[in-house]
Amino acid sequence: MDTAAIIVAAGRGTRAGGDTPKQWRDLAGRRVADWTLAAFAAAGIERIVVVLHPDDAAIPLPDHVLRVTGGATRDASVLAGLAALADAPPDAVLIHDIARPCVTPALIARVRDRLAEVPAAAPGLVVTDALWRAGADGITGVQDRTGLVRAQTPQGFRYDAILAAHRAHPGGAADDVEVARAAGLPVALVAGEESNIKITGPGDFARAARLLGDRMGLPDIRLGNGYDVHRFMEGDHVVLCGVKVPHDHALEGHSDADVGMHAITDAIYGALAEGDIGRHFPPSDPQWKGAASEIFLAHAGELARSQGFAIGNVDCTIVCERPKVGPHAAAMQAEIARILRMEPGRVSVKATTSERLGFTGRGEGIAALATATLIGEQE
């Protein structure tokens, strides 16, 4: 059966964040779109139409891909893609969202092969979780999940049937199955795949990268670094990596001025591409005045875990002439490990001087540098 693919890529993907539409952003070393197109090529689909936003008309794409300008809505863009195939119509067409880069050649083939027996087929996953209805005041009821399925793409159709269905549809459909159903076209259900996720929000990039890395046998490893400085002021101790160290000065800062913990926190945020402490705990907010830096570090650790990462190791270097850090390094190591819920043997805290050069050499303050390694946990 002669089968073509229409890849819908005309959306802007604003919910995914960033200044670039999600389909053109980097994902594990390649653009999201490149992963999607490669999956269809691996499935043996040679005729591919990519429906583009007018602003993306000159975007680099493989030579064999046919470019088409999309419409203001998804169904308008699909119709533009279908019309582009009309001069040499295929027997069947697979319609897929560009933002599902983890689609496998096996799933593509499964939908394509089903079209030898039925006029339309689409992948989905049976809903197994309990469903609730919710409102402004919280959970308002439950929803029966019997017969409910989570829709995926590619959705496959006999070409002539779906073209006629789109031409007859008034517009506003969520997907092509809705268009087909409106035209009375029966659609067979094909088993979907949990890994066939759609990139919608910022956190989906990390999840997709792990899935693709697992598929290639590669872990998703992230490195981040942090740097922080605080000046001395009057006082009788400093707090470094959560440990109170006696000294003839204190460190000045909006919170407790723990320069080591701040550097480690920023290193974790950096590995996640989540900015710095100021983004999550603005110094303009009075509630963080004098706050213990443990709050910041614990938040960074939880954020890493929520995105599916384990913290592989942390390395912090404190730069100062005084106080002496060595006698307290083991306690600092243990405190960082406790807050981040990791083994102390994966935490390094060390110190150096700047040979009396610069502000640290003149005893005006303390600086700290940190590196954190995050490792994507297996699904």
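The residues of the range 1-19 that are over 14 Å from the mean Cα position of the chain (by Cα) and not basic (Lys, Arg), listed by number, are MET1, ASP2, THR3, ALA4, ALA5, ILE6, ILE7, VAL8, ALA9, ALA10, GLY11, ASP19.
Restricting attention to the range 186-203, which residues are buried (at least 19 other Cβ atoms within 10 Å of the Cβ) and either touching a Gly at 6+ places or on another chain (Cβ under 7 Å) or more than 30 Å from ALA28 (Cα to Cα) (or both)? The answer is VAL187, GLY192. Consider VAL179 carefully, then state whether it is surrounded by 17 or more Cβ atoms within 10 Å (Cβ to Cβ) and among the hydrophobic types (A, V, I, L, M, F, W, C). So VAL179 fits the description; yes. Residue count for the range 84-126 satisfying the condition of being outside any helix (DSSP H, G or I) and within 14 Å of ALA191 (Cβ to Cβ): 8.
Here the range 60-77 is the region considered, the condition is being charged (D, E, K, R) and surrounded by fewer than 19 Cβ atoms within 10 Å (Cβ to Cβ), and the residue that is nearest to HIS169 (Cα to Cα) is ARG67.
Of all residues in the range 256-299, which are among the acidic types (Asp, Glu), in contact with a Leu (Cβ under 8 Å, 6 or more places away or on another chain) and in a helix (DSSP H, G or I)?
Here is the first cut: in the range 256-299, the ones among the acidic types (Asp, Glu) are 256, 258, 266, 274, 276, 285, 294.
Going one step further and asking which of them are in contact with a Leu (Cβ under 8 Å, 6 or more places away or on another chain), we end up with 258, 274.
Selection gives nothing.
Sub-8 Å Cβ pairs linking a first residue in the range 37-64 that is closer than 19 Å to LEU82 by Cα and assigned to a loop (DSSP other than H, G, I, E, B) to a second residue that is among the hydroxyl-bearing types (Ser, Thr, Tyr) and modelled with pLDDT of 95 or more, at least 6 apart or interchain, are ILE45/THR3; HIS53/THR69; ALA57/THR69, ordered by first then second residue.
Sort through VAL190, VAL177 and tell me the only one that's under 19 Å from LEU125 (Cα atoms), part of a helix (DSSP H, G or I) and assigned by TED's automatic domain parsing to the domain that holds LEU115.
Selected residue: VAL177, the only one of VAL190, VAL177 that is under 19 Å from LEU125 (Cα atoms), part of a helix (DSSP H, G or I) and assigned by TED's automatic domain parsing to the domain that holds LEU115.
Among the residues of this structure, GLY312 counts as one that is within 24 Å of PHE205 (Cα to Cα) and outside any helix (DSSP H, G or I).
The values are calculated or read from the model by the stated rules, or taken from the named source; none is laboratory data. Bear in mind the structure is a predicted one, so any value in this text is a computation, not a measurement. Ideal geometry is used to build each Cβ from the backbone, glycine not excepted, and the neighbour counts take in all protein chains shown.
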